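Structure first, then comments.
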Amino acid sequence: MSARVVQRYVLDEIDDDRLETFVVWGPMLGEETAEDAPSGSVYLNDPRSTHFWTGEHTLVEMLQKPIGLEDELAWDVFLVYAPGTEWGETPPVPDYYMHHGKSLPAERRLNGVKLHEQVRRLLEADAGAGSATASAGSPN
Amino acid sequence: MGRRQATTVHPRWWRSLAIGISLGMLPISSFAAQGSLEGIWKGMLVLKKAEVEADILVEIGRAPDGTLAGTFDMPVQNYIYHPFETIQLDGSEATLEFRRDSERRGKNALFIFKGELSEDGQKLTGEVVDGDKTIPFHLTWTDPPGMPREEPWVPEVTTMSDRGDELREAFNRNKDHVRLVLTLSPT
């Protein structure tokens, strides 16, 4: 259901090719397999989405620290990164995140409207930065 | 008092209804007319707005004896062609009942869609009654009953290495984009 909320409130409503979505499907509950993944990916079937499957928890362990999780694996999290952010040896700290059912701030629980606002904010900031750069570079 | 349409549908009916509709055996006419429930309706159950929402599809047609019969889909719960037990329209007030096992209320618990049909017959809005709880829903009429259901596009899923190298590469390749990374269970 989280996937559907992201599709409906973010991808359906933000028609902007400067947005990319990467979805990692995996064994959050313990018994999911790669064969189950399409039953989830169908709910996020926007062309700007790329879907991956992992059968391990390694990646979600790597994602714990950037959002301040200690004992819980970073499944069911929604991470937003601004243009320019690079992933080096370890995942970068997101510019914004939301979660579902984690011991993280309640105001960061997944909400499609809030997630939409944050994605929109970063897109608008990027557009502003782009036009500022263009202005600075253009002759007066 | 408004027009009243009522029927009781036994569970075995839903299969014959679905087959009858799919084979075009049932009449298709004036389905979107005012005051009619007949058709395919698509919408959402809103367990918590913008947080927990689920797609639903309701299909209502007429059984061979002329009574209303229908089914309910909620794919995220693996409900496909789940039969309604009764379907009733009293004026603009619709009542659709079905049964399913409930973790909270035990086996074969009764659930009731109670909704208001819009004047133009295109919207059905209300609540699903789950014992002492209610869950808002909204449905929009899309097609006559029996129309083939569009198969959604299912994106390809790539298996990646444990450390997510493929994700990292794609993330960095799209460095000039706003990127959203989600980690989810498919079930």
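Working only within region A:1-51, note down all residues that are closer than 18 Å to B:VAL157 by Cα and part of a strand (DSSP E or B). Answer for region A:1-51, where residues must be closer than 18 Å to B:VAL157 by Cα and part of a strand (DSSP E or B): A:GLU20, A:THR21, A:PHE22, A:VAL23, A:VAL24, A:TRP25, A:SER49, A:THR50, A:HIS51.
Applying the criterion of at least 1 residues that are surrounded by fewer than 13 Cβ atoms within 10 Å (Cβ to Cβ) to the strands (runs of 3 or more DSSP E) found wholly in region B:85-187 leaves B:93-102, B:106-117, B:133-143, B:157-159. Here is the figure for region B:44-81: residues that are within 14 Å of another protein chain (Cβ to nearest Cβ), surrounded by 21 or more Cβ atoms within 10 Å (Cβ to Cβ) and within 11 Å of the chain's Cα centre (by Cα) total 2. Kindly check whether there is at least one residue in region A:33-48 that is under 24 Å from A:LEU122 (Cα atoms), surrounded by fewer than 21 Cβ atoms within 10 Å (Cβ to Cβ) and at the interface with chain B (Cβ under 7 Å from one of its Cβ atoms). Looking for residues that are under 24 Å from A:LEU122 (Cα atoms), surrounded by fewer than 21 Cβ atoms within 10 Å (Cβ to Cβ) and at the interface with chain B (Cβ under 7 Å from one of its Cβ atoms), one finds at least one in region A:33-48, hence yes.
Inclusion of A:LEU11 among residues that are crowded, with 19+ Cβ neighbours inside 10 Å and more than 8 Å from chain B (Cβ to nearest Cβ) is warranted.
Answer yes or no: is there a residue in region A:96-108 that is among the aliphatic types (A, V, I, L, M), at the interface with another protein chain (Cβ under 8 Å from one of its Cβ atoms) and exposed (fewer than 15 other Cβ atoms within 10 Å of the Cβ). Within region A:96-108 (the criterion being among the aliphatic types (A, V, I, L, M), at the interface with another protein chain (Cβ under 8 Å from one of its Cβ atoms) and exposed (fewer than 15 other Cβ atoms within 10 Å of the Cβ)), the answer is no, since none of the residues qualifies. Taking region A:75-90 as the search range and keeping residues that are touching a residue at least 24 places away in the same chain (Cβ under 8 Å) and in a loop (DSSP other than H, G, I, E, B), which one is surrounded by the fewest Cβ atoms within 10 Å (Cβ to Cβ)? This residue is A:THR90. Within region B:93-109, the presence of at least one residue that is touching a Pro at 6+ places or on another chain (Cβ under 9 Å) and either farther than 17 Å from B:GLU127 by Cα or more than 14 Å from every other protein chain (Cβ to nearest Cβ) (or both) is confirmed. Whenever a residue of region B:41-65 is of a type in the set (Lys, Arg), its partners that are assigned to a strand (DSSP E or B) and surrounded by 20 or more Cβ atoms within 10 Å (Cβ to Cβ), lying with C-beta atoms within less than 9 angstrom and at least six residues away or across chains, give the pairs B:LYS42/B:ILE56; B:LYS42/B:VAL58; B:LYS42/B:LEU139; B:LYS42/B:TRP141; B:ARG62/B:LEU68; B:ARG62/B:ALA69. Anything in region B:104-127 that is touching a Lys or Arg at 6+ places or on another chain (Cβ under 8 Å) and touching a residue at least 40 places away in the same chain (Cβ under 8 Å)? List them, or say none. B:LEU117, the sole residue that qualifies. One residue alone among B:GLU85, B:GLU151 is touching a strand residue (DSSP E or B) at 6+ places or on another chain (Cβ under 9 Å) and acidic (Asp, Glu), and that residue is B:GLU85. Filtered by the rule that a residue be under 15 Å from A:PHE78 (Cα atoms) and either modelled with pLDDT under 95 or more than 12 Å from the chain's Cα centre (by Cα) (or both), region A:8-40 gives A:ARG8, A:TYR9, A:TRP25, A:GLY26, A:MET28.
Do we find that A:THR58 is surrounded by 16 or more Cβ atoms within 10 Å (Cβ to Cβ), polar (S, T, N, Q) and without any contact (Cβ under 8 Å) to a residue 60 or more places away in the chain in this structure? Here the answer is no, as A:THR58 does not meet what is asked.
A:VAL93 meets all of the listed conditions (1) over 27 Å from B:THR187 (Cβ atoms); (2) modelled with pLDDT of 95 or more; (3) of a type outside the set (Asp, Glu); (4) not in a loop (DSSP other than H, G, I, E, B) but one, namely (4).
The values are calculated or read from the model by the stated rules, or taken from the named source; none is laboratory data. Keep in mind that this is a model prediction, so the values were computed, not measured. Note: ideal-geometry Cβ built from the backbone for every residue, glycine included; neighbour counts use all protein chains shown.
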